[in-house]
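> Structure in structure tokens, see below.
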Amino acid sequence: MTDENWLKKCLMSFKYAWQGIVTFFRMKGNAKIHLIMAALVLAFALFFKLEKIDWIIVLLCIAGVLSAEALNSAIETLSNHVTKEKHPEIKKVKDLSAGAVLFIAIGAAIVGILVFYPYIFKWVQAH
């Protein structure tokens, strides 16, 4: 494969990934909820002027939750394509992928509390 073909394939893969992100936010109500929550967390992070390590932790949590929700959406979309009928194994797959999102969302919320608590405590004491 020539360098030009490799670059073209690489650029196309980014294009497809971007299309996936756009589709994700257009189709899923939960994606919009996660995006709103991420925006709120980022606003708090800017307000409290988080330290670098705290920014890294917060950004990783946001990326993890959004990624899990995107994978859940992909699994649901594929499952719905496979069959429109209710099937116990398809239900199990959908429930497991939704559970994975819940796991990481709860973990991210706990991490958020641990990260933001000292900043909030310091801010309350100063005011």
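The values are calculated or read from the model by the stated rules, or taken from the named source; none is laboratory data. Just so we're clear, the structure is a prediction, and the values are computed from it rather than from any experiment. Backbone-built Cβ (ideal geometry, glycine too); neighbour counts: all protein chains shown. Calculation scope for accessible area: heavy atoms of the full protein, side chains included, ligands and nucleic acids excluded. Shrake-Rupley method; radii C 1.70, N 1.55, O 1.52, S 1.80 Å.
> Just to verify a result, which residue in region 47-63, among those that are part of a loop (DSSP other than H, G, I, E, B) and open to solvent by 90 Å² or more (accessible area, probe 1.4 Å), is nearest to V115 (Cα to Cα)?
E51
> Name the single residue that is farthest from S67 (Cα to Cα) among those in region 8-32 being open to solvent by 90 Å² or more (accessible area, probe 1.4 Å) and modelled with pLDDT under 90.
Only one residue tops the list, namely K8.
> When F44 is evaluated against the numbered criteria (1) open to solvent by less than 50 Å² (accessible area, probe 1.4 Å); (2) in contact (Cβ under 8 Å) with a residue 40 or more places away in the chain, which criterion, by number, is the only one it fails?
(1)
> For L66, state whether it is surrounded by 15 or more Cβ atoms within 10 Å (Cβ to Cβ) and not in a helix (DSSP H, G or I).
Criteria not met by L66.
> Which residues, counting only those in region 98-110, are surrounded by 17 or more Cβ atoms within 10 Å (Cβ to Cβ) and within 17 Å of L40 (Cβ to Cβ)?
A105, A108
> Please work out which one of (1) out of contact with any helix residue (DSSP H, G or I) (no Cβ under 8 Å at 6 or more places or on another chain); (2) in contact (Cβ under 8 Å) with a residue 40 or more places away in the chain is the condition M27 fails and give its number.
With (1) out of contact with any helix residue (DSSP H, G or I) (no Cβ under 8 Å at 6 or more places or on another chain); (2) in contact (Cβ under 8 Å) with a residue 40 or more places away in the chain applied to M27, the lone miss is (1).
> How many residues, within region 70-114, are more than 23 Å from A31 (Cα to Cα) and either of a type in the set (V, I, T) or not in a helix (DSSP H, G or I) (or both)?
So the answer is 4.
> While we're on this one: Quick check: is even one residue across region 72-80 more than 30 Å from W123 (Cα to Cα), of a type in the set (D, E) and either surrounded by fewer than 11 Cβ atoms within 10 Å (Cβ to Cβ) or touching a Gly at 6+ places or on another chain (Cβ under 6 Å) (or both)?
No, region 72-80 contains no residue that is more than 30 Å from W123 (Cα to Cα), of a type in the set (D, E) and either surrounded by fewer than 11 Cβ atoms within 10 Å (Cβ to Cβ) or touching a Gly at 6+ places or on another chain (Cβ under 6 Å) (or both).
> Given the condition among the aliphatic types (A, V, I, L, M), more than 18 Å from I21 (Cβ to Cβ) and without any contact (Cβ under 8 Å) to a residue 12 or more places away in the chain, answer yes or no: does some residue in region 57-79 qualify?
no
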